[in-house]
Amino acid sequence: MVRVQKPLHCLFLGHSQEAITSVIQSLEQDVLLTYEINVPSIEVLSQQSLTAYQAIIAIAAFSEKPFSPSFCRTLSQLRDQQYPSLPLFIVIPPVENGQLRLYWQSGITDCIFWSQLERLSATLQSYTGDCSPEIFSTSLNHFVQEFWQFSNLDDRLQQSLNLLHQSLALSRCFLLLPDEQQNLKIHYVSAQTPYQPIWFELPGIPSHSYPDSLEAGKYLVISEGEEQVASPIYPATQDACLQAGILMPLYYQNSSFGAISLHCCDQIRHWSPEEVNLAKTIAQQCAIAIYQNHLEEKLYFQQNCLKLREKISEILRISSPLETHIQKIITTIGESLDLERVLWFTLEQSEVWAEYEWRCDDTIPTVYNSRFPSLPFQSVLALDRQDQTPPYFLQTNYPKFCNNYPYFQCEQKKYKTYSILSIPIGFQNTLYGSLVLQTVTRPYTFHPVVIQKLQDIADTLAHYITRVKNQENIKKLEQEYQHKSALLSTMSHELRTPLTGILGFARMLLEQIYGELNDKQTQYMSAIVSSGEHLLHLVNDLLDISKIEAQREELYIEPFAVEELCVSCLSIVEELARLQDLELKLEIDDKIKTCVADQRRIKQILINLLSNAIKFTQAGTIALKVYQTPEQICYAVIDTGIGIAPEHLDDLFQPFQQIKNPLQRKHKGTGLGLALSQKLARLHGGDLTVTSTPGEGSCFTLCLPINNKQ
């Protein structure tokens, strides 16, 4: 070996003076040294300046326990605080591969076994003046001048690799970027690297195998190709000739964007601080360029998506059929995002079918009206991902994905799908379909901003479709209701006219105006009149209900005397109460004099409530109580009858519903009285409610607004 005349000032750390002396003697055979010796104490070293040294060498005697990786990590951090480019070596007895990896990840420059002291000697020689700093200074200046002149990110990154390869005389030079699964994969190769096509086919490095130091922005350097150390630097291949390498992270703003991997295959290489600094500077510039490109892309896609959202909002504001809106929306999405095919798949039981389609031109295969089994395709269309994370299906390289699925492979070859993004469209538990964005002739990267905005658009569409379908259902129900009401109204009119005539003639015969009737004839004629009156009452109730439901009922609102109305109602039912030996009571608040409402309809409601109370009360009293709240006048009809079970209260106000009880068969009823009464109450802006206790009685309360403006 030729001794270098420039001395290297080193700091040796260790507990064994004998071990330190042995290492120094071995190194002095090839390297001119000046040195200091200290104990490997972090507390002591933290009080000491490290800038005076050109290398730190920590030595554990062969008989001693090796330094722990945590000690090396702390020592590396202390070095980084004062002098980041200061080489840090440890000399230790042999350890297992797993332990060795921990040393490499701690941030040291090199880990030397006692049997490899000649490697340490050769490495130190590279720090004593064999390198040419002028070369690297010139390269850096040239790089910084040229790098930002390229407007295209691809050109910047490619030229960076070419410069590194040339300046450092490398065998191979790669730039690795994370793929969709966050695995580091080769995206750029220097022009001087041989066999270029094969490198792009290599699988990516799984994220869990990254060195911790790489994620923290620290580079990894090796000077000999131990396989377990080289694997993150050296992609899996049959060519295992790596002798030295650097894995330099693309790190900026506390984020890692990938890494540059430098390979030396023809000789053992000991990287000088200038070489490392050159790689570090270029990697940092690349990281800044990628970060800036990410910001520009994000801003571009945000602006583009904002315009897309505005266009879709304009479409939805125009009154058009739902089918027209969907077709315009997928067309707008396809044109705005530079896609080649956009589809809307609808789910129908066991099938999915392409109900709507947009294509950029006729050369793109059509999928329109194609049907597929829902079970295998629900994953590709994201129909099973509405409540999952992520809630969409994304494949930039769909042909590769289909290689493992023969059924999808046939479909892919037929329709030529290359990149695909599927987003489910649904609201709550209702799934309407899937929005599918595709390219055919080229790969397409869906930016996260675009995916998020498309999900927002899908949610907007789902809400819009839900609203439209609800409106359609409401309109359909209203039409059915109107048809039913019109039919009832027509039937009621047609029935009431002849029925009134029949009742008139029957009453005349019953009054024996045209001659006497025998007992049997009188009995039959009375039955005809009674049945006719019941039927006429039913027809009148049906007509009233149909008018209210068709919104054709008009109220004649006017003030009237409350006491006069109540006395009139009680006088009408007085005979019925006397026949059942029931006592009628009236109680009116002294403050209440008048009420503003349709007097005829209020009288109809109260007579109906009083009649029902009399029918279903065998003994006791029937009370009509009128009182006032701050906003309402209330008419309460209280009886001491049989009462109503709680489970039957909800059915009371339904048309044609009658509660089964022992008195039901005794008294005829249409089942419309309470339903009609409640509708009339609500038509006034009030309500009719009930409280009841079985065996004790019931209370029906009619509440009307004091200032009725109906």
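Read-outs: derived from the displayed coordinates by stated rules, not from any lab. All figures in this text were calculated on a predicted structure; none of them were measured in a lab. Note that each Cβ is placed from the backbone with ideal geometry, even for glycine, and that neighbours are counted across all protein chains shown.
A few points about this structure:
- Amide H partners (placed H, <5 Å) of Ala597, local residues excluded: Glu558, Phe560
- Full-stretch length increase - Ser49, Gln182 - with 0.36 nm per residue and alpha-carbon distance subtracted: 43.8 nm
- Packing-based ranking, highest mean first, of 468-474, 391-397, 251-257 given that Cβ atoms within 10 Å are counted: 391-397, 251-257, 468-474
- Rough spin-label spacing in nm, given labels placed 7 Å along Cα→Cβ, for Gln303 and Glu587: 7.8
- Selection among Asn293, Ile326, Ala279 by position relative to the dipole of the stretch 273-358 gives Asn293 as farthest towards the positive end (Cβ unit charges, Cα centre).
- In order through the stretch 290-296: 3J(HN,Hα) via Karplus (6.51 cos²θ - 1.76 cosθ + 1.60), integer Hz, x for Gly, Pro: 5, 4, 5, 5, 4, 5, 5
- Two-site FRET efficiency, Ile37 against Ala169, from Cβ-Cβ distance with R₀ of 30 Å, rounded to 0.05: 0.25
- Karplus-derived 3J(HN,Hα), 6.51/-1.76/1.60, for each residue of the stretch 642-653, Hz, glycine and proline x: 6, x, 10, 5, x, 6, 9, 5, 5, 8, 4, 9
- Distant-in-sequence amide contacts of Tyr252, defined by a placed amide H-H separation under 5 Å and a gap of 5 or more residues or a different chain, comprise Phe257.
- Sorting 498-508, 593-603, 347-357 by average packing, meaning the other beta carbons within 10 Å per residue, from highest down gives 593-603, 347-357, 498-508.
- Rounded to whole numbers, the Karplus 3J(HN,Hα) couplings from phi for the stretch 445-454 are 9, 8, 5, x, 4, 5, 4, 4, 5, 5 Hz, using 6.51 cos²θ - 1.76 cosθ + 1.60 with θ = phi - 60°, and x at Gly and Pro.
- Ile633 long-range amide H proximity, modeled H, under 5 Å: Leu704, Ile706
- Leading residue at positive end of dipole, the stretch 410-489 (Cβ point charges), from Val436, Cys410, Gln479: Cys410
- In the stretch 555-655, the chymotrypsin sites (Phe, Trp or Tyr not before Pro) that fall in loop regions by DSSP, at most 15 other Cβ within 10 Å: Tyr556
- Top positive-direction residue, dipole computed over the stretch 507-615 with Cβ charges, set Gln523, Leu610, Val573: Gln523
- Gain on full extension, evaluated as 0.36 nm per residue between Leu576 and Glu28 minus their Cα-Cα distance, stands at 184.3 nm.
- With the highest mean first, a sort of the peptides 154-161, 269-276 on other beta-carbon atoms found within 10 angstrom per residue produces 269-276, 154-161.
- Whole-number percent relative contact order across the stretch 325-481, with pairs defined as alpha carbons under 8 Å at least 6 apart: 20
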